[in-house]
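What follows is a single structure, written as structure tokens, with notes after it.
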Amino acid sequence: MLKIENLHARVEGKEILKGLSLSVNAGEVHAIMGPNGAGKSTLGNVLSGRDGYEVTAGSVTYNGIDLLALEPEVRAAAGVFLAFQYPVEIPGVNNTYFLRAAFNAQRKARGEKEFDSMQFLKLVREKLKVMQISDELLHRAVNEGFSGGEKKRNEIFQMAVLEPQLAILDETDSGLDIDALKHVADGVNALRSPDRAFLMITHYQRLLDYVVPDFVHVLADGRIVESGDKSLALKLEEHGYAGLGEGAAA
Amino acid sequence: MNDTMTRESITAAATLRDNAGVAEALGRSYAAGFVTEIEMTGLPPGLDEETVRQISAIKQEPAWMTEWRLEAYRHWLTMPKPDWAKLKIDPIDYQAISYYAAPKAGPKSLAEVDPTLLETYEKLGIPLHERAALAGVAVDAVFDSVSVGTTFRKQLAEAGVLFCSMSEAIREYPELVQKYLGSVVPTGDNFFAALNSAVFSDGSFVFIPKGVRCPMELSTYFRINAQNTGQFERTLIVAEEGAHVSYLEGCTAPKRDENQLHAAVVELVALEKAQIKYSTVQNWYPGDENGVGGIYNFVTKRGDCRGDDSKISWTQVETGSAITWKYPSVLLRGDRSVGEFYSVALTHHYQQADTGTKMIHLGKHTKSKIVAKGISAGRSSNSYRGLVKMEKGAEGARNYTQCDSLLIGKKCGAHTFPYMEVKNPTAIVEHEATTSKISDDQMFYCRSRGIGEEDAVSMIVDGFCKQVFRELPMEFAVEAKKLLEVSLEGAVG
């Protein structure tokens, strides 16, 4: 589904990604771990098309097409979703209204029929049940005055409604207490499916206790330096990031 | 939705997006910028005492009215042009303006109204016939200077409500007009108010008698059509003891390269326990993207909370006009009276707006609330200017002012000029102001969810204006939102 080859990217003239390669198939959950400044968030931002990230070499193909050539909203319509590390507040814009606008914009771009408010409300109700989120959240403005945990849960809720094919979770576990973390993990697990892939960017392995990944990759200094299964994360927990990468070919 | 996305469908998504861009670019012209071709009669350009007399004569006004106008005219001659606003205004040649224009055939009822005219209203979406009944709106449509049709007169009359054109009111209810006209905005109040008093050609008159709640929203659509015509309407709304009324005016004007002058005066009088809600959606032609043409909108609007426990609320959405100069104000004379001002002012391209309010607290425990939202895009300039005055007798009076500016792009400006005068130590004045930009983070957040750039801007702006839109009657809130979208097209990128 996703094939990243020798990706080099710069932010404000500074090279952050230095030849990153990664393959993700439908149905797989990949965890990207690594120390601060390794380029984890940069990867998420490059994949979703944020301004200010300059790709200098390499390629990203998504379902066989050049992902990097598409505008962010087209990527979204094509099924790429980024759960933000710091979800953005949009004062005065109702959460449900925002979500419906996004949902319908994506459907329109794909040439599908848009949902009217009744249809959409029905869909939202169903998703609320699965996500165990109170509908009070829906009536508030997008992320405005939300607690850290509420913001992250709202991201997962958006993901549940938009049903992406490739979900990138950027440090979704950061700043969450254990209960909130469990809620978020339950939400992610509920969305796991054979045709959906996850890229979970995280600093700590504790999220992986709840969302068990198929693959774990260590990102250091702009490249994947080691890949393995769940046990790699446990090894990292024990030994830290120092001294990693020796096992991988440079 | 979980089906694997094919290359074709992704390309289709991209193509759809591009096509939408083209369609938007094509639709970017001023939607109300058509000209109605009907025969006009009017006065030649120029202004002197004779012009004033002629206007009064055409309107078959009583002698006192003619004198009233002449007095205003003479006062106007002595007044300097105001130059204190943060506006760049080219000199206006008052002798080059025609002060009276009217469709040739004077219509007496809707059935007699020129069909071209009705078509115009239809293009503007004004519910004049049965549509009005469905929408529950009574419309007094002012086409240039003459009111062509007033709907729902009968139903309103049964409730005791008088709703007619100002010309009719002067003829049919002279005592009421004489009692209240100029009692809130005196003829010599300011340069443009004096000019209006001398030459106003029509407008709306509303009278809600004691204890009556007006059974429907009242609405007037003004439209400037004739070329080189200044439109000077005069509106007077009186709510007697305990009466309630909600009034909406919407304004559009066709596209012209010349600047046109619009100098209106609106007076509101609220007696004891009366409530008046006055909403404006102003979409006069703003000029083109190079700043050519557009309406000069110099308006004096003032409400007088004359009685105790009365309330006057102004809500305005200002998206049009090349230059907007207006400060809907409230005189809080009655004890415990309440004044409100909710405003959204949007400027784009080379538009200039200097707008705000004045809340003059005279009575005890009077309250006022000001929520002003300014949105600037392109090379426009948008200023909020507000005065809150607590006079000596304003025991325990309170004011809350919130002033927010939103900037789109790097070449526009937003300014806030709050003035406060507090002469009573028990009065409390609060002022909050913010200036923000649509952040890159907000834009990316929307786009990463699939919402395109222009829609994202509209959505963020709409959220920014929410507090004000909430105050508008439902159907007009929808219209206001659409208007902002249209006005902001091309503001990004």
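Bear in mind that the values in this text are calculations on the coordinates, not laboratory data. Only a predicted model underlies this, so the values are computations on that prediction, with no experimental measurement involved. Every residue, glycine among them, receives a Cβ derived from its backbone with ideal geometry; neighbour counts consider all protein chains shown.
Look at the stretch A:107-118: the mean tally of other chain Cβ atoms within 10 Å of its residues' Cβ atoms is 3.
Placing a pseudo-label 7 Å from each Cα along the Cα-to-Cβ vector at B:K210 and B:L77 gives an inter-label distance of 4.4 nm. Membrane-span-like helices in chain A, defined purely by DSSP H runs whose alpha carbon atoms cover 27 Å or more axially and whose average Kyte-Doolittle hydropathy reaches -0.5, do not occur. If you wrap the range B:381-493 in the convex hull of its Cα atoms and look at it from every side, the mean projected area works out to 9.0 nm².
Here the Karplus curve 6.51 cos²θ - 1.76 cosθ + 1.60, taken at θ = phi - 60°, turns the phi angles of the range B:291-303 into couplings of x, 8, x, x, 8, 8, 9, 10, 10, 10, 10, 8, x Hz, with x standing for Gly and Pro.
Against the empirical curve 2.2 N^0.38 Å, the C-alpha radius of gyration of the range A:47-89 lands at a ratio of 1.22.
Exposure proxy for B:C164, B:C465: other Cβ atoms within 10 Å of each Cβ, ordered fewest to most, give B:C164, B:C465.
For the range A:1-77, the list of GluC sites (Glu not before Pro) that fall in a loop by DSSP and count at most 14 other C-beta atoms within 10 angstrom reads A:E12. Simple spin-label estimate for B:Y173 and A:E112 gives 5.8 nm between the two label positions (7 Å along the Cα-to-Cβ direction from each Cα).
With 30 Å as the limit, the listed pairs B:K86/B:K481; A:K129/B:K369; B:K373/B:K410; A:K18/A:K235; A:K151/B:K277 have A:K129/B:K369; A:K151/B:K277 beyond it between alpha carbons. With the alpha-carbon atoms of the range B:247-358 aligned to their principal axes, the span from lowest to highest coordinate is 49, 18, 16 Å, starting with the largest.
Only Cα pairs under 8 Å and at least 6 apart count here; give the relative contact order of chain A as a rounded whole percent. Relative contact order for chain A comes out at 28 percent.
For the residues of A:82-92, the average number of beta carbons from a partner chain within 10 Å of their own beta carbon is 5.
The trypsin sites (Lys or Arg not before Pro) found in the range B:392-469 that occupy coil by DSSP, while having at most 15 further C-beta atoms within 10 Å, are B:K392, B:K410, B:K411, B:K423. Between the beta carbons of A:D229 and A:A69, assuming R0 = 45 Å, the FRET efficiency works out to 0.85 to the nearest 0.05. Placing a label point 7 Å from the Cα of B:N424 along the Cα-to-Cβ direction, the residues of the range B:333-351 whose backbone N falls under 19 Å of that point are B:333-341. You can think of it this way: the chain between A:E237 and A:S147 has 29.6 nm of extra reach, that is 0.36 nm per residue less the Cα-Cα gap. Considering only beta bridges that DSSP places wholly inside chain A, some 60 percent are antiparallel. Rg over Rh for chain A works out to 0.96, both radii taken from alpha-carbon positions and Rh defined as the Kirkwood radius.
Both radii are taken from the alpha-carbon atoms of the range B:296-431; with Rh as the Kirkwood radius, Rg/Rh is 1.03.
Working note: Debye formula, equal point scatterers on the alpha-carbon atoms of the range A:99-232, no solvent; log10 I(q)/I(0) at q = 0.10, 0.15, 0.18, 0.20 Å⁻¹ is -0.38, -0.80, -1.08, -1.25. Among the residues of A:59-70, the average count of other protein chain beta-carbon atoms within 10 Å of the residue beta-carbon is 2.
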